[in-house]
Amino acid sequence: YVPAMRKLATCNLTGHGLPQNSAMGLKWLKTAYEVGNDVDAAHEVALIYEYAQHGIEIDVVVAAQWFQKAAESGHVEAMAEYAMCCELGCGREQSDDEALEWYMKAAEAGHTTSKFSVGEAFEEARGVPQSDEEACLWYYKAAVEGDEDSKNALRRLRDIARIVVPGVASLLDE
């Protein structure tokens with residue numbers, strides 16, 4: 001019963017209702033994922049290792065492994081986090097190709113910041129041939145959702161953006 005596993009994890013991690021026991025809390029989260037296919041639990045395990053929460057030491061390798069598990073199970077935020085691990089070589093071997101693959105999956109699932117990252121990959125030729133036009137299209141997708149970095153990128157690529165994305169000036173308040 002996954003909700004009970006999650007509750008036991010929370011109680012152990014926070015010490016609410018019983019003595020705090022981070023190792024036991026992690027065990028319950030991992031069990032919730034492995035037995036109950038709770039992808040949020042896998043993502044939470046990754047975050048605990050990434051940010052040294054609940055007295056657990058930072059372990060970027062383990063964090064990357066858990067982001068990957070959650071991403072492969074469809075957790076959109078984990079897709080973006082795992083893409084960043086791939087992009088930076090944090091906790092795993094660096095790979096622009098895999099980073100782009102995971103950013104694309106997250107972007108296609110609606111993750112705004114990943115749309116910006118896909119645009120950046122096209123602009124900087126990381127994992128794809130360089131294309132300011134394609135970059136502008138991805139930046140636009142994120143900008144309409146309010147992403148300020150994407151708006152700034154469109155301003156920087158203003159001459160190309162005006163051709164590729166008609167009406168972009170109104171989005172940028174120009």
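The values are calculated or read from the model by the stated rules, or taken from the named source; none is laboratory data. In this text, all values refer to a predicted model and were calculated from it rather than measured experimentally. We place every Cβ from the backbone using ideal geometry, glycine too, and count neighbours over all the protein chains shown. All accessible areas refer to the heavy atoms of the entire protein, side chains included, with ligands and DNA or RNA removed. Shrake-Rupley method; radii C 1.70, N 1.55, O 1.52, S 1.80 Å.
Is it the case, given these coordinates, that K69 is under 29 Å from T10 (Cβ atoms) and at pLDDT 95 or above?
On the way: under 29 Å from T10 (Cβ atoms): yes; at pLDDT 95 or above: yes.
Taking the combined requirement at face value, the residue satisfies it.
Within 16 Å of A46 (Cα to Cα) and not aromatic (F, W, Y): does that describe A106? Please lay out each step first, then the result.
Numbers: within 16 Å of A46 (Cα to Cα): no; not aromatic (F, W, Y): yes.
Criteria not met by A106.
Inside the stretch 1-114, counting only helices (runs of 4 or more DSSP H) that do not spill past its ends, which hold 2 or more residues that are of a type outside the set (S, T, N, Q), touching a Cys at 6+ places or on another chain (Cβ under 8 Å) and open to solvent by less than 70 Å² (accessible area, probe 1.4 Å)?
Working: elements: 2-14, 22-36, 39-51, 60-72, 76-88, 96-108.
The helices (runs of 4 or more DSSP H) meeting that bar are 60-72, 96-108.
For the subset of the stretch 115-157 comprising residues that are in contact (Cβ under 8 Å) with a residue 12 or more places away in the chain and of a type in the set (K, R), which member is surrounded by the most Cβ atoms within 10 Å (Cβ to Cβ)?
K115
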